[in-house]
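Each remark here refers to the structure printed beneath this line.
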Amino acid sequence: MLRKTTIALALSSSFVPCLLQAATLFENDNGDYMSLYGEVGVGGHFGTSSDYNHDEFYDTKSYVDDSFATMGVAGQQSKFLYRLELDYQRENWLGGSGEFALAIDKLYLGYAFTENQWVEFGLTDTAFDDYDHYGDFTFNKAVETGEAGDQENTIKYQGEFDYLRIGASYSYEGKHKNGTPQGDIVNGYVGLFTDYFSVVVGVEGRGGSEGISKYGEQRLVGVGARVSVLPQFQIGFNGFIEDEDLATHRSGDTFLEYETFRNYGATLSAKYDWSEALEIIASANYEEYENWDIESPNYDYEELPPVFGKERTWGSLGFNYRPGNNIVLSVEGRVGEAPEAAYAYARMYF
């Protein structure tokens, strides 16, 4: 019982198809095991828009490649857990090189206190990262919550009790995905999960690296929910509110004059299971970032064109088609003030 429960929990931050397709390399009668899992995906973003590209892409082109591959091993020895995961991905985000890069995405040891509770130590997801997009059914994910994501020097606790799930993590000297220091990071979540309704609330606090980088303190609250209206039809909601301190001036290598910016975002999405192989997904999205506001004294004319505005709204319609248990073909079109016109992808899990 301990082994089976811990597999699902310890790999919970991976894509669900990875869990289903993981191959057991060995398994002992006492519950010890080692599993191999992975993913290969090809596709990307079409018709990226320079008017509405906030921080999504390193460049705005007619096509931005988003191909990706990952491979990992995870296992348990007595009550000790371990995981090593390698990612090969294109650095296509703002500040990225646009080239492929190989990186260690997960590297941690853990310990299972019981079949429902465990801790992880090392390079792993921060706690809220497991549920930051809960309620968002879109394949490419819509509004970005902006939580810490993967961090080195992290200790994380997670537990599952009947309908309740909880988690908390602390990361020492955290960093932005571009490598910029952000200070110590603490986040966590609590969630209620039933067959018909589920909701997760997460919070995050960042100590900041004032003077060293542009990132100061930060406070974030996020919520995600799902409702099963019919057996084949679900509605989801995901949203966040963030207060983030950012430097507004710089002198040499020293960042100065931090101001607090308030940011909002929300996604309302729906998923209809047309068949066992086909899902139809739609969403409506809203984002508002204070530093986009042309009337703000801290508006950066060098970074954002005036057409951008203080907010953006867009919608999407797409589908996921599964010709096999380990293959997903996805197409999503976007309308409105979207950073791209469409997203298309093919993924195979093993």
- the chain - mean residue ellipticity at 222 nm from DSSP helices (-39,500 (n - 2.57) per run, n ≥ 4, rounded to 500): -1000 deg cm²/dmol
- Calculated FRET efficiency for the pair Asn178/Ser251, C-beta based, R₀ 30 Å, to 0.05: 0.90
- Accessible surface of the range 145-254, 1.4 Å probe, proportion on carbon and sulfur as whole %: 56
- Note on the structure: Contact order relative to length for the range 24-123, counting C-alpha pairs under 8 Å separated by 6 or more residues, stands in percent at 22
- Calculated FRET efficiency for the pair Thr260/Trp93, C-beta based, R₀ 22 Å, to 0.05: 0.35
- Pick out which of Val42, Val328, Val223 has the largest mean-square fluctuation in a Gaussian network model of the chain, springs linking Cα atoms closer than 10 Å. Val42
- Projected label distance in nm at Ala346 and Leu107, using a 7 Å step from Cα toward the beta-carbon: 3.4
- Task: Give the span of the range 134-293's Cα atoms along each principal axis, as three whole-Å numbers ordered largest to smallest.
- Result: 59, 37, 23
- Which ³J(HN,Hα) values, rounded to whole Hz and listed in residue order, are derived for the range 34-45 from phi using the Karplus coefficients 6.51, -1.76 and 1.60 in 6.51 cos²θ - 1.76 cosθ + 1.60 with θ = phi - 60°, glycine and proline given as x? 9, 10, 10, 9, x, 7, 10, x, 10, x, x, 9
- Vicinal HN-Hα couplings computed from phi for the range 113-121 (Karplus, 6.51 cos²θ - 1.76 cosθ + 1.60; Hz; Gly/Pro x): 5, 9, 5, 10, 9, 7, 10, 10, 10
- Got the relative contact order for the range 66-159 handy, in percent, Cα pairs under 8 Å and 6 or more residues apart? 22
- Point-charge dipole on Cβ atoms (K/R +1, D/E -1) for the range 191-302, about Cα centre, debye to 20: 480
- Which residue fluctuates the most in the chain, going by a Gaussian network model with Cα springs under 10 Å, if the choices are Val335, Val201, Val229? Val229
- Task: List the lysines whose Cα lies under 29 Å from the Cα of Lys175, skipping any in the same chain that are fewer than 8 positions away.
- Result: Lys61, Lys106, Lys141, Lys156, Lys214, Lys310
- Query: Of the residues Gly44, Gly265, Gly205, which exhibits the maximal mean-square fluctuation in a Gaussian network model of the chain defined by a 10 Å Cα contact cut-off?
  - Reply: Gly44
- Message: Under a Cβ-only charge scheme (Lys and Arg +1, Asp and Glu -1), can you give me the dipole magnitude of the chain about the Cα centre, in debye to the nearest 20?
- Response: 1140
- Task: Take each of the peptides 96-102, 128-134, average the number of other beta-carbon atoms within 10 Å over its residues, and list them starting from the highest.
- Result: 128-134, 96-102
- J(HN,Hα) series, the range 274-287, from Karplus relation 6.51 cos²θ - 1.76 cosθ + 1.60, nearest Hz, glycine and proline x: 5, 7, 5, 9, 10, 10, 10, 10, 10, 8, 10, 9, 9, 9
- Message: In the range 18-150, if the dipole is taken from +1 on Lys/Arg beta carbons and -1 on Asp/Glu beta carbons about the Cα centre, which of Ala142, Leu109, Leu25 is farthest to the positive end?
- Response: Leu25
- How big is the charge dipole of the range 311-350 about its Cα centre, in debye rounded to the nearest 20, if each Lys and Arg gets +1 on its Cβ and each Asp and Glu gets -1 on its Cβ? 220
- Task: Please work out whether the range 116-192 counts as rounded, prolate or oblate from its C-alpha gyration tensor, where a ≥ b ≥ c are the square roots of the eigenvalues and a/c under 1.5 means rounded, while otherwise a/b larger than b/c means prolate and anything else oblate?
- Result: oblate
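The values are calculated or read from the model by the stated rules, or taken from the named source; none is laboratory data. Just so you know, these numbers come straight off a predicted model, no measurement behind them. Note: ideal-geometry Cβ built from the backbone for every residue, glycine included; neighbour counts use all protein chains shown. Keep in mind that these areas ignore ligands, DNA and RNA; they rest on the heavy atoms of the full protein, side chains included. Shrake-Rupley method; radii C 1.70, N 1.55, O 1.52, S 1.80 Å.
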